Amino acid sequence: MLRSASSLFVLSLLALQVAIVKAIDNGIYLIEDNYGGRLGLGAIPDIFPRPDVPVRVFERDSHFVEHWKVKKADDGALTISVASGAHDGYKIIANGDYVFASTEKNADTWSVTSVGGHQVEIKVPYKDEVFTTGHYEFVTLQHAQGLPSQKWSFIRTDRELYHRNRFCVQESW
């Protein structure tokens, strides 16, 4: 009896993880760390070609916070890029032990695993490297240890981002 109850418990946890991860689908998101900071790129020099820049965590109301377009592949892997605006075209990539954004390279694929409480780990597929940050620092790739600095939330914000008045969209006269 104990064996079947524990098996049922493990299966229900697995189903819950799949249900939470399935909730991250194609769309526009804010990506928030466990401390309430949000992913952004910071100031980028206005030069061409546009340089690769480190992904950082900023205060939630900072103008450096980005809205991220998430695309989900059939295998469940995600690609993450800037949704629109001044930094349109930047895609999240791994660069050594750091997470960068690039306009020149193809977006890397990322795996998302539930860690409970509507939070996830963002990791390199088939590796033990996850997004990790301190409070308002650069995002690095470190071994998964279940630390608070390795837990993230995807906050869905699908809407027209940069309309002059997003509350009153009218037809042309």
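No value in this document is a laboratory result; all are computed from the given coordinates. In this text, all values refer to a predicted model and were calculated from it rather than measured experimentally.
With only alpha-carbon atoms in the gyration tensor, what are the semi-axes of the equivalent ellipsoid for region 85-142, in Å, largest first? Please list the in-between numbers first.
On the way: eigenvalues 84, 37, 31 Å².
Over the Cα atoms of region 85-142, the ellipsoid semi-axes are 20, 14, 12 Å.
Compute the convex hull volume of the Cα atoms of region 61-119, divide it by the residue count, and report the result per residue in Å³ as a whole number. Show your work: numbers first, answer last.
Working: hull volume 7.3 nm³, N = 59.
With only Cα atoms used, region 61-119 gives 123 Å³ per residue.
Once backbone amide H atoms are built at 1.01 Å from N, T103 has K91 as its partners under 5 Å, excluding neighbours fewer than 5 places away on the same chain.
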